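The values are calculated or read from the model by the stated rules, or taken from the named source; none is laboratory data. From a predicted model like this one, the values you see are computed outputs, not experimental measurements. Here the Cβ positions follow ideal geometry from the backbone for every residue, glycine too, while neighbour counts run over all protein chains shown.
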Amino acid sequence: MKCVILVSHPIPYLIPLFQALEEEKTIDSQIWLNMDHGNKEFFDPDFNKNIKWDTNLTEGYKRRLLKNISPNPSPSLFGQINPEIIKLLLSNKRPDVLVLWGWNSLTHLIAIPIAKVMGVKLYLRAETTLEYETRLPFIKKIIKKNLLSIFFKLFTGFLYLGSQNFDFYRSMGIREKKLHLMPYCVHRYSSKMSSRKLQSIRRFLFVGKLSFKKRPDMVIDAFQTLNSQYPDLNLRLTIVGDGKMRKQIEAAADKDKSMHFHGFANQGELEKIYQDHDVIILPSDERETWGLVVNEALANGLGAITSDRVGCQKDLIRDGKNGKVFQYGNSRDLLNCMRLMATGKISTNQIHKTNSALAKIYNHDFSAQAFIKAIKSTVPHVKG
């Protein structure tokens, strides 16, 4: 059976998954890319700078780069216009199964009716959460729900990434038997946890784009208060990232010797950064539909503190065992969570034990097997 995954561009965290699928011989998988962002330098508006990833995004899996005729290539609706998709789906090169990684591109939307007419089974992998949807304006929410309810009837199955994504699909009337867990994950590196030297929690970390939805300012305020209350603990905070709030964040870090502003870190730098810290903090709003930095941090043995609007918190945070969840926007609640971890109320041994258990599910080997199982369960002619 031939299976094609249609993706906007090569994304670093997806490459190990594509490689894991390539190792499986029960399906013939190929990745179709609308753009080559990442392999070449591109401007990221959220980081507010040009980015070129330092990892190889092309090896270990079969790929086809579709010609993009958009005058302004980007991961947006009209930033991906690939007429070649029509020819491929109408030809004998069309797959048995087409998996759409998101739907916010003209190419993805064009592919759906053509694939349907040609008898290609459609699957969807999208990140929307019920938390995000419930906070939309009322009229927009009603219109969107009605349109998506029709749209989703075109799909054979849905690959949900976590509980909040599952809840969103169920709210849209999708039957549970059409929903298949394919967890968000990072590379196969749970072994890195065992190499960490367990110690007291003193080093806090923020990793992400410096934008208001991520609330790095909130982390700084809470840290400074905690540090003033416990001056003998020798607490540290590192801010890793770039974006439109850079000047504000950098200025705050310059005034406090216990804080360090690192700036943007490429993929090759992140492992060491995680290994040098104890707890990651992600205080984002509901637009953080998952929060992959939490996966990365837990896989490196850190604890985590997130807001209750971050998509991954129900799946990755075991309250009081490997982290804490606080009420979004509540500075006092965030401060209390940081205090609990800094004063030893959550042990590093408990964090290690909990993260080790999570690593058995949140890895690309598991995710690849879940992908194959999902397709086999709903496409009758697929053989084991």
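If I ask for residues that are in a helix (DSSP H, G or I), modelled with pLDDT of 95 or more and under 29 Å from Ser307 (Cβ atoms), which ones from segment 137-166 would you list?
Within segment 137-166, Phe152, Ser163, Gln164, Asn165, Phe166 qualify.
Condition check ((1) surrounded by fewer than 19 Cβ atoms within 10 Å (Cβ to Cβ); (2) not in a strand (DSSP E or B)) across all residues:
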site	(1), (2)
Lys25	yes, yes
Met35	no, yes
Phe47	yes, yes
Thr55	yes, yes
Tyr61	no, yes
Arg64	yes, no
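Would you confirm whether any residue within segment 104-124 is surrounded by 14 or more Cβ atoms within 10 Å (Cβ to Cβ), within 12 Å of Val7 (Cβ to Cβ) and touching a Lys or Arg at 6+ places or on another chain (Cβ under 9 Å)?
Scanning segment 104-124 turns up no residue that is surrounded by 14 or more Cβ atoms within 10 Å (Cβ to Cβ), within 12 Å of Val7 (Cβ to Cβ) and touching a Lys or Arg at 6+ places or on another chain (Cβ under 9 Å).
For the condition out of contact with any Cys (no Cβ under 9 Å at 6 or more places or on another chain), β-branched (Val, Ile, Thr) and surrounded by 15 or more Cβ atoms within 10 Å (Cβ to Cβ), what is the one hit in Ile143, Ile150, Ile81, Ile139?
Ile81
Name every residue in segment 230-279 that is touching a strand residue (DSSP E or B) at 6+ places or on another chain (Cβ under 8 Å), among the hydrophobic types (A, V, I, L, M, F, W, C) and part of a loop (DSSP other than H, G, I, E, B), in order of residue number.
If the condition is that a residue be touching a strand residue (DSSP E or B) at 6+ places or on another chain (Cβ under 8 Å), among the hydrophobic types (A, V, I, L, M, F, W, C) and part of a loop (DSSP other than H, G, I, E, B), then Leu235, Phe264, Ala265 are the ones that fit.
Would you kindly identify the helices (runs of 4 or more DSSP H) lying entirely within segment 280-384 that contain at least 2 residues that are more than 25 Å from Asp221 (Cα to Cα) and not charged (D, E, K, R)?
The helices (runs of 4 or more DSSP H) meeting that bar are 348-358, 364-378.
Have a look at Lys209, Lys272 and point out the one that is at pLDDT 90 or above, closer than 22 Å to Leu14 by Cα and surrounded by 15 or more Cβ atoms within 10 Å (Cβ to Cβ).
Result of the check over Lys209, Lys272: Lys209.
For Asn227, are the conditions met, namely being of a type in the set (S, T, N, Q) and touching a strand residue (DSSP E or B) at 6+ places or on another chain (Cβ under 7 Å)?
Against the criterion (of a type in the set (S, T, N, Q) and touching a strand residue (DSSP E or B) at 6+ places or on another chain (Cβ under 7 Å)), Asn227 does not qualify.
Please verify whether segment 16-29 includes one or more residues that are more than 20 Å from the chain's Cα centre (by Cα), hydroxyl-bearing (Ser, Thr, Tyr) and modelled with pLDDT of 90 or more.
yes
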